[in-house]
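Visitor: Before anything else, here's the structure in question.
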Amino acid sequence: MGLPRSISAAYREAVRVGKANRAFPFPVVFVTVTAAVFMSNLDLWVANVALDSIGRDFAGSTLSGLSWVLNAYAIALAALLVVAGRTGDRHGHRPVFLAGIALFTLGSALCALAPNLPVLIAARALQAAGAAAQLPASLALLLAAAPTNRRTEAARNWSAVGGLAAAMGPVLGGMLVQVDWRWVFLINVPVGIATLVAGALVLPRPAPRGAERRPDLVGAALLTVAIGALTGSLVQAPHWGWTSGATLGLLALAVLAAVLFVRRCATHPAPLLELPLLRIRRFAIANIATFVFSISFSIMLVSNALWCQNVWHYSALRTGLAMTPGPTLVPLVTVASARAVRRFGGGPVACVGSLLFTAAMLWRVGFAGPEPDYLRDLLPSMLLSGAGVGLAISTLVGAGATALPAHRVATGSAVVNAGRQVAANLGVATLVTLLGTSVDPAVVRGAFVHGWWVGAGLGLVAAALSLALPRGTADGSANNPANNPANNPADNPAESAALSRIRPAAG
């Protein structure tokens, strides 16, 4: 997905650029960096298609157990994104990026060799740690290497890599699973090794900010415990019972860890989440809407993959092909929507996108049946959802990022992406809870319908939140949020106080 021009400009201001390695032309650096970014983004998609095959290979696996293949990745990525970003600022983006590639490649190899489900889940968490190190550092490295007049273009192309991975992920995953699900992870190993070698030779060396405060590792641990305990209570409740001691104990642990995390964020000098950011109305609304929308998106993505393979009995390859139209449409709609955002504002455009996504969920409710009918059922839903995601997600993310001071765009972006991973985790857990443990076909189909109803309801909530979004720079209505009367902090004492507390993290 392309970044609005205002966001990429803010990135240019936010990233301290050092001397790039001029011995290698920019296209070489671009290919090296985006190969790693593509690899980590691709893994978010291919694992969904492989889930059913993994379950068949590991006898006795339940859906709740298999869901941790997705959840472990999302939890670790959410907890470590901000930590990794600040570590790169402090010690240099190049070593953090290379360490991320090494971790991701090692995690991929362990996934491919996993003898059982617990080892696979642990290896997925290691993969996520590598992805968390790669993603924040990759853009900084790209901007350091890009000629001044190409940095905006470089940022947009970097962002578009995620859309390309989304478009290719389902089909590539299906093709690899046809051979063996382990190839979904094994394919990363040669790519990772090649990228690691190339990166050591060609990557620039942006100047680290030695005065950047140490990242809050205790806060990251508390966030991990909170998300993990909440997810565990949701996915295990159908087995343990909602009133069992184990379920209630995990819920209590999740609440306690969340409270301690918020307290930690309020008192730590370099917290994972800078609470004053949430007092900026535009940033807060955009992120809440993104969070809600992402839960619904996760429900849609996993439910469609499971439906195709378990109800329609599609092969993994056919499932991947069936799911391709939606993600393929996303980057096209994202680019085409830029003019509409400038003309009508981000709120209305994101609202329309959320409503289209709601329509996609309701389409499944109305037309899904036990007998495969792709053209009548799944294809229209995938096209509606692809258009909805293309209109909503990039608009909401852009609206949130451009509400921040320039020196906090990178941190704010990490917060947004971490929130999306938490939301994805909750979406998977919600769907697993609704599907329960029944094997009766009628009950299973009814559970899928309940999941789509929940997704539709969340889409409506995201639409309502989008309409509450103030106009700002992402809408093209101003060159600076302060120039827009609706966003002027001087007219909002709470936002003015919040902005005054958000200082460059130095010293």
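The values are calculated or read from the model by the stated rules, or taken from the named source; none is laboratory data. On a predicted model such as this, the values are computed, not experimentally measured, just so you know. Positions of Cβ are generated from backbone atoms using ideal geometry, with glycine treated the same way; all protein chains shown enter the neighbour counts. These accessible areas exclude ligands, DNA and RNA; they are computed on the full protein's heavy atoms, side chains included. Shrake-Rupley method; radii C 1.70, N 1.55, O 1.52, S 1.80 Å.
Visitor: Using Cα-Cα distances under 8 Å and only pairs 6 or more residues apart, what relative contact order does the range 227-337 have, in percent?
Guide: The value is 12 percent.
Visitor: Answer rounded, prolate or oblate for the range 258-306, using the Cα gyration tensor with square roots of eigenvalues a ≥ b ≥ c: rounded when a/c is under 1.5, else prolate when a/b is larger than b/c, else oblate.
Guide: On the way: a/c = 4.21, a/b = 1.96, b/c = 2.15.
In terms of gyration-tensor shape, oblate.
Visitor: Can you give the net charge of the other residues whose Cβ lies under 13 Å from the Cβ of Arg264, counting K and R as +1 and D and E as -1?
Guide: -1
Visitor: So with the 1.4 Å probe, I'd like the accessible area per residue for the range 62-132, rounded to whole Å².
Guide: Ligands and nucleic acids excluded, the result is 26 Å² per residue.
Visitor: Next question. With a 1.4 Å probe and all protein chains left in place, how much accessible area per residue does the range 339-461 have, in Å²?
Guide: About 36 Å² of surface per residue is accessible.
Visitor: Rounded, prolate or oblate: which fits the range 56-133 when a ≥ b ≥ c are the square roots of the eigenvalues of the alpha-carbon gyration tensor, with rounded for a/c under 1.5 and prolate only if a/b beats b/c?
Guide: Oblate, because a/c is 1.5 or more while a/b does not exceed b/c.
Visitor: Which percent of the accessible area of the range 181-261 is formed by carbon and sulfur heavy atoms (probe 1.4 angstrom)?
Guide: 77
Visitor: Hey, if we sort Ile187, Ile121, Ile54 by accessible area with the 1.4 Å probe, largest down, what's the order? Each step should come with its number before you reach the end.
Guide: On the way: Ile187 65, Ile121 40, Ile54 0 Å².
These residues rank, largest area first, as Ile187, Ile121, Ile54.
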